[in-house]
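What follows is one structure encoded as structure tokens, with my remarks underneath.
The values are calculated or read from the model by the stated rules, or taken from the named source; none is laboratory data. Computed from a predicted structure; not experimentally measured. Every residue, glycine as well, gets a Cβ built from its backbone with ideal geometry; the counts of neighbours run over all protein chains shown. Side chains included, ligands, DNA and RNA excluded: accessible areas come from the protein's heavy atoms. Shrake-Rupley method; radii C 1.70, N 1.55, O 1.52, S 1.80 Å.
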Amino acid sequence: MSIREGGLVSAAFSVRPAPALGQHVVDHLRRLIITGELRPETHLVEAQLSRAFDVSRGPVRDALRQLETEGLVESRRRGVFVIGLTLDDIDELYVLRRLLEIEAVRLCLARDDVEHAAARAALERMDSAAAVQDAEAFATADLDFHSAFYLAAGHRRLESIWQQYRPTFAGMLAVTNAEDQDLAPTFADHVELLRVVEVGDEHQALELLADHLDGSRRRMLTAYTRFVT
């Protein structure tokens, strides 16, 4: 299977690139892969993508390398092919995130000098996005909220691993949030999580975080099954 330059490409790649050409390409390809618009075994041909995005082959090549690092495509003898996300992949990603994030929050709680201004600012953006049902802005603020704990943990390598997988989670959240009728309950969960972190209740904070991530995983599996199959 390969991309046809007529139908899918003209529709999916209609937005012209922003100044950060490589980032534009990788963001759009990632979204198309995660939402299933680019199916597994699709052959990603540099020349076709270059014309579709109206960029040189350099940004396309950079984008494909990044997506390979994220495990969404793979290089073979005949070129680069979409792998996509399976239900097992989603499970693996959430297992990894649970391990990372619980440790990040535990490290935050163990420090006396942690301020949570970044998490509170992200909550404000989530609240604004929820009020107008802006799922994309909500997902961005959601991940900013969680990223604040990794940053506050003061563990450079832990944060680095999270940043590697954050774009994939961003694409996945776009799928689930777009289906939610009301984003307010998810926002309320985040408000409560920050509250218990700020009062230093480690047991409740880690329990709430684990429940939140498990719920997110279940919603993602349900939405992904319905969305791309």
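Give me the pairs: first residue in the stretch 194-215 and part of a helix (DSSP H, G or I), second residue modelled with pLDDT of 95 or more and basic (Lys, Arg), beta-carbon distance under 6 Å, and six or more apart or on different chains, which are they?
Close Cβ pairs satisfying both conditions: 213/98.
If the requirement is being hydroxyl-bearing (Ser, Thr, Tyr), open to solvent by 60 Å² or more (accessible area, probe 1.4 Å) and either closer than 29 Å to residue 63 by Cβ or modelled with pLDDT of 90 or more (or both), which of these qualifies: 216, 147, 128?
Details: 216 fails: open to solvent by 60 Å² or more (accessible area, probe 1.4 Å); 147 fails: open to solvent by 60 Å² or more (accessible area, probe 1.4 Å).
That would be 128, the only listed residue that is hydroxyl-bearing (Ser, Thr, Tyr), open to solvent by 60 Å² or more (accessible area, probe 1.4 Å) and either closer than 29 Å to residue 63 by Cβ or modelled with pLDDT of 90 or more (or both).
Do we find a residue being modelled with pLDDT of 90 or more and either under 24 Å from residue 176 (Cβ atoms) or buried (at least 16 other Cβ atoms within 10 Å of the Cβ) (or both) anywhere in the stretch 9-25?
Initially, the stretch 9-25 is screened for residues modelled with pLDDT of 90 or more, giving 25.
Next, only the ones that are either under 24 Å from residue 176 (Cβ atoms) or buried (at least 16 other Cβ atoms within 10 Å of the Cβ) (or both) stay: 25.
Yes.
Identify, please: which residue in the stretch 71-115 is small (Gly, Ala, Ser) and under 22 Å from residue 151 (Cβ atoms) and is, among those, nearest to the chain's Cα centre (by Cα)? Break it down stepwise before answering.
Of all residues in the stretch 71-115, those small (Gly, Ala, Ser) come to 71, 75, 79, 84, 104, 110.
Pick out the ones that are also under 22 Å from residue 151 (Cβ atoms) and you get 104, 110.
On the way: 104: 18, 110: 27 Å.
Checked the stretch 71-115; the qualifying residue nearest to the chain's Cα centre (by Cα) is 104.
Please state which of the following conditions residue 78 fails to meet, knowing it meets all the rest: (1) without any contact (Cβ under 8 Å) to a residue 60 or more places away in the chain; (2) crowded, with 18+ Cβ neighbours inside 10 Å.
All conditions pass for residue 78, except number (2).
Give the residues of the stretch 158-181 that are of a type in the set (D, E, K, R) and either open to solvent by less than 10 Å² (accessible area, probe 1.4 Å) or modelled with pLDDT under 85 (or both), sorted by residue number.
Here is the first cut: in the stretch 158-181, the ones of a type in the set (D, E, K, R) are 159, 166, 179-180.
Once the filter is applied, which keeps residues that are of a type in the set (D, E, K, R) and either open to solvent by less than 10 Å² (accessible area, probe 1.4 Å) or modelled with pLDDT under 85 (or both), the stretch 158-181 yields 179, 180.
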